[in-house]
């Protein structure tokens, strides 16, 4: 298995991505890497075994508009890294998955333009995980790629997400919930109600393990393995969670630093608080999947450090090793064959 | 000022509402209460001063469908309590605000049916507060009353919410943000983009203090005083927050009870953890406002204990004392006069 790594992406570029790649190679003795970026920035990796440097002269900045990434910077590390997933003139595909910490909009647009979507998929979606009370992770999609979704899109998300959980978490038949504002089937907008019908039908036919509606709190209860929602709602839920986690950490810190006595207690409690922190540390589950494309693209958080970026590499590697792409393809084909035709999507 | 209290509502009924009313009367020496419910359930309050018992023979159950509350249980405590806000044949209005811990759907439907909406308001909305990192509270609406919203609805929410913050938090010119998935004006769905235009126009005219788009994390950062969103997104954000808060509390508990040594540390840390807990305790800010009606209706959490229900009573009392109803009315009239006509709303 070989990963193409956009070494220039993210807030920190090679100062984070190269150490992460080095550690990843050490812990994955059968993995190979294509390190994509500017030649002088990657020099230190020139002598690494199981590593090939691929030059790209440009870098997509974190605040570059999508148009710049698509039309102007034709030799960007992000673009070249994604291109490694495509067959060249000789029909050779150089990498099995690609990882970038670059800007999400540009990555999604480039990946979609270069790789195209799988048959039966109108729009790719972004999937990631959040820790839950069961000591496991809840996978959620879409997290921001698609602001307006049709019921058919939500069904496709459910099928793709099921393949993702099966491939990465090793659960062959993950449970699926539709994010809604109540458990009853009459709840929600027209789109959500219709999506519920499609999901129930796909569940009845055995294509997904559909449980029904879930609510926001179920993400963290771990009621289901996979939560499906449109990109607007998913993005708000994700950022709301990040904001609350930050605020609570802030409150805890303020209370423990209030007096010399509370500081003393904090000192004693450090190991306990450290374990707690580690458990909810988003670096531990960094690496969102861009699903629905003809190639495996993983997105690291832009501010990722080497440990976080390494986790994104590991997730991409697991996905490639477990043939996520084939799994998504097979599940989509199987489900859609049994379903009514999907209306054409002008935006696709 | 006189509050009408649905004493039968909520998971616990009079065993919670009556002690809360008793404590409220003690701490609010100028307040009067109308206690609405079944005669035998309210007996202990018969001798209380500044209290009048109002009999209602029926109770809306927490799982009663809206239709049952609206059409079948014509003498429910919820219905009779709301009715106290309407002028009787002699033109006398018996209460200034109403509080219920009963089921939200039934309360909204009954309030809307009995009181009607204010001129210029298509749909009432539910507003509540969440604690933020600035040590203050962020008010948010809609939290679930309206699943699909037009841009005009979101503008109305912004105006009503501004009046609420002004009346209860004493901020005459609260800052307003539109919940979106990015700071740029080009972000979001068509409805959100158009709502942004309306809000900017209202802000430019000085009707609201509009800041621009905010994201999920801003709710807890305290970037703005008021966050405006549709009821689907608001409900998901609220429940996601509740779920995460619960999960984190669970994680902390698990870490502190892992060994005898961590339990010892927990014992020492109890006062600190207690302060933290108190700070984020949702009971401390219980009481959501149903805005846009010709009467002040406040909704307590169904599972509220006496302390939480007391806070809902206090919020309703503050709102009534600060003439929230007039403030909403005046702001709406002022803003809508300056705005393009609102399209008729079939669902209103």
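The values are calculated or read from the model by the stated rules, or taken from the named source; none is laboratory data. Bear in mind the structure is a predicted one, so any value in this text is a computation, not a measurement. Here Cβ is always computed from backbone atoms with ideal geometry, including for glycine, and neighbour counts include all displayed protein chains.
Test residue B:233 against the stated conditions and say whether it is away from chain A (no Cβ under 12 Å), touching a helix residue (DSSP H, G or I) at 6+ places or on another chain (Cβ under 9 Å), at pLDDT 95 or above and not in a loop (DSSP other than H, G, I, E, B).
Taking the combined requirement at face value, the residue does not satisfy it.
Given the structure, is residue A:249 modelled with pLDDT under 90 and either more than 11 Å from chain B (Cβ to nearest Cβ) or out of contact with any helix residue (DSSP H, G or I) (no Cβ under 6 Å at 6 or more places or on another chain) (or both)?
yes
Kindly indicate whether residue B:200 is part of a helix (DSSP H, G or I) and over 22 Å from the mean Cα position of the chain (by Cα).
Yes.
Give region A:152-174 a look and list any residue that's at pLDDT 90 or above and surrounded by fewer than 19 Cβ atoms within 10 Å (Cβ to Cβ), or say none.
Within region A:152-174, A:171, A:172, A:173 meet the criteria.
For region A:8-32, give me the residue count where each residue is touching a residue at least 40 places away in the same chain (Cβ under 8 Å) and under 23 Å from residue A:75 (Cβ atoms).
Total meeting the criteria: 9.
State all residues of region A:252-297 that are modelled with pLDDT under 90, more than 7 Å from chain B (Cβ to nearest Cβ) and closer than 24 Å to residue A:218 by Cα; if no residue qualifies, say none.
Listed by number, the residues that qualify are A:277, A:278, A:281, A:282, A:283, A:284, A:285.
For region B:69-162, which fully contained strands (runs of 3 or more DSSP E) count at least 2 residues that are closer than 25 Å to residue B:335 by Cβ?
Filter on region B:69-162 gives B:125-131, B:137-141.
Sort out which residues of region A:163-172 are assigned to a loop (DSSP other than H, G, I, E, B) and either within 14 Å of chain B (Cβ to nearest Cβ) or within 17 Å of the chain's Cα centre (by Cα) (or both), and write them in order of number.
Listed by number, the list holds a single entry, A:170.
Tell me which residues, restricted to region B:232-248, are touching a residue at least 24 places away in the same chain (Cβ under 8 Å) and out of contact with any strand residue (DSSP E or B) (no Cβ under 7 Å at 6 or more places or on another chain).
B:232, B:235, B:237, B:238, B:242, B:245
For region B:214-231, name all the residues that are in contact with a strand residue (DSSP E or B) (Cβ under 7 Å, 6 or more places away or on another chain) and surrounded by fewer than 20 Cβ atoms within 10 Å (Cβ to Cβ).
B:222
Only one of (1) under 22 Å from residue A:321 (Cα atoms); (2) over 22 Å from the mean Cα position of the chain (by Cα) is not met by residue A:46, so which one is it?
Result: residue A:46 fails condition (1) only.
Considering each of A:175, A:223 in turn, give the residue that is within 23 Å of residue B:104 (Cβ to Cβ) and more than 7 Å from chain B (Cβ to nearest Cβ).
Just one listed residue meets the conditions, A:223.
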